[in-house]
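Below is one structure; the comments refer to it alone.
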């Protein structure tokens, strides 16, 4: 008997976790959206953590605004069997991503240690500015690190190298599926989700974690506005608004736990969350070709049976672009 049901094709989001500016978890983040909380910090000159802050602030194009992630220095190292010194040397991007991966399992009601199937990990991060600003500034560290590169300083190397973001999660949580760290500019997390979906639909994984982490230092810093550039001139981001002038950068971590929809609906504890029907790889958002943009709009993921209180978000820099190619793509 064939029990195939085309309505059960796709991938379900069964768990999620994150750390965001002004929000310690996904629920607080969504609450901020409903209440219209911007979560962008506007710094006083004395709060800036950059050299020559007062001199930079005299420039009218220097915007003292950024989204800051709180408590990035906190980490439950003992829970993950990580020594204090190892944790101290580890980039907070890796620390918080590991914590969020565990929380995504908790949100879904799964114990990864008791799950018999293959669980994959697909993720990416920003460059380790923690390594540059906290480790490389110690006298003699650069000479020591480069002199023993590949054969020494493993805690410093593995704790700050982008290559080990996903495999550390797989190792610490004893996950036995594919584990890849990937980089695709501003769409790294979206690409991670796409690859995780492909892994599930080709039965390389039975569940998959997908997401990204970006925590850069110093957090309390501004940026220079340039006409036509990405940065907002007033420290506010007006996405999809006629008054949009640019974006405001910040830090954050986000992870989703995915499962084949057919398998997810068979297990009652899985919460009903949106699922992807179609997906498409794309670049980092910098391309402006009308053909590529039109194809993305045409082949964008479709969602089904989505609760009304769950946000459906699209990535946007909040930059108003009126180029003919962009307009033509939107009209298709």
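Since every read-out is calculated from the coordinates, none of them should be taken as a lab result. What you see is a predicted model, and the numbers here were worked out from it, not measured in a lab. Positions of Cβ are backbone-derived with ideal geometry, glycine not excepted, and every protein chain shown enters the neighbour counts.
For a quick check: sort 30, 102 by the number of other beta carbons within 10 angstrom, fewest at the front. Placing the least packed residue first, the sequence is 30, 102. Neighbour counts of other Cβ atoms within 10 Å put 107, 91 in the fewest-to-most order 107, 91. Residue order for 46, 99, fewest other beta carbons within 10 angstrom first, comes to 46, 99. The overall shape of segment 131-240 is oblate: from the C-alpha gyration tensor, with semi-axes ordered a ≥ b ≥ c, the ratio a/c is 1.5 or greater and a/b is no larger than b/c.
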